[in-house]
Every structure is written in structure tokens, then in C-alpha cells.
Amino acid sequence: MKKIALLLCAFTLIFTSCGNDDDDTPPAATVDQFVGTWTFLKYIENDEEQPAEPCDLEETIVISENGSYSNVYFEEDNSGNCNQEDSISGTWENVGNGNYALTYDGETDTLQVFFEDNTFYVLEETTFGDETFEIKIVYIRN
């Protein structure tokens, strides 16, 4: 019985995949790879992974296909529980070459976003005194 079912599936695939390719219907638009729900994964400073606070691992970014985004941050209270500290929402736009403009409260920041498998990261360079630090913040897709 299983062999018959497999054979029927194979025939169905063969006959449905041989359609007319002269269709003038435009292809469906692709969804930007930035769209999705992302959670903080790790923080790397000068190529060394830094320990994350448990509540940092709760941070979530939701990038919607309609051009909006929201970001929720958590902080540990005196009892050791993670409580929502802050949330922001705004709009985003892919401005090309891996750069994304995020607008919140009338201010726009442009970030260069790098995608690897099911993660993305942003690089920031910070200077304290005479020292410069490269910070890599990594998020994973939920």
C-alpha cells in the first residue's frame, strides 16, 4: 500500500510540475531576510564573547514585513526575575548593501546588518579614552 501511495505521489509531482511556462504572471515579491522575530544571542567584544546577563537573553526584536519594528528589553529585579524594562517601536527600511535605516521617535539610525544562517549581527566601534573596541551584537531567528 505504501508503494502505491509513493507511486501516486511521484506521478502527481511529475504531471503538475510540467505546466505551461509561458505565463506572464510576475514572480511573487521576496520577503527581506531581516523580517522575522529575533532574540539576543551573544555579545562579542574584540573577538571575545562576553557573558550575557540572563535578562539580556530575553531581548526580542520583531521586524514586520509592513516596515514596522518593535524591540523589547528586560532587566533583572531584586528578586532575580526578568521584567520588561523598556520597549520601542518604529519603522525600518532596507537602504541597500546590508544597511537598514531604523527610525524611532523621529531619529534615524542606519545599521549595517550581516546575516549568517539563522542569525544576524551588527558591528559597532566604541572608543573609551585611547582604547577602541569592536562590538558585535548577535541575534538569532526564533
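The values are calculated or read from the model by the stated rules, or taken from the named source; none is laboratory data. From a predicted model like this one, the values you see are computed outputs, not experimental measurements. Cβ coordinates were reconstructed from backbone atoms using ideal geometry, including for glycine residues, and neighbour counts include every protein chain displayed. We work out accessible area using only protein heavy atoms, side chains counted, and drop any ligands, DNA or RNA first. Shrake-Rupley method; radii C 1.70, N 1.55, O 1.52, S 1.80 Å.
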What number of residues within region 63-73 are open to solvent by 50 Å² or more (accessible area, probe 1.4 Å) and in contact with a strand residue (DSSP E or B) (Cβ under 6 Å, 6 or more places away or on another chain)? 1
Can we say Leu123 is open to solvent by less than 70 Å² (accessible area, probe 1.4 Å) and without any contact (Cβ under 8 Å) to a residue 40 or more places away in the chain? no
Counting only residues that are modelled with pLDDT of 90 or more and either more than 30 Å from Asp86 (Cα to Cα) or assigned to a helix (DSSP H, G or I) (or both), region 1-40 contains a total of 1
Looking only at region 72-118, which residues are of a type in the set (Asp, Glu) and assigned to a strand (DSSP E or B)? Glu75, Glu76, Glu85, Asp86, Glu93, Glu107, Asp109, Glu116
Qualifying positions in region 41-60 - assigned to a strand (DSSP E or B) and either within 30 Å of Val31 (Cα to Cα) or without any contact (Cβ under 8 Å) to a residue 24 or more places away in the chain (or both): Leu41, Lys42, Tyr43, Ile44, Glu48, Glu49, Gln50, Thr60
How about region 61-82: which of its residues are free of Cβ contacts under 8 Å to residues at least 24 places away in the same chain, out of contact with any Cys (no Cβ under 6 Å at 6 or more places or on another chain) and on the phi < 0 side of the Ramachandran plot? Asn66, Ser70, Asn71, Val72, Tyr73, Asp77, Asn78, Ser79, Asn81
Being in contact with a strand residue (DSSP E or B) (Cβ under 6 Å, 6 or more places away or on another chain) and polar (S, T, N, Q) is the requirement here; does Ser87 meet it? yes
Are any of the residues in region 113-120 within 15 Å of Trp38 (Cβ to Cβ), touching a residue at least 24 places away in the same chain (Cβ under 8 Å), charged (D, E, K, R) and exposed (fewer than 12 other Cβ atoms within 10 Å of the Cβ)? no
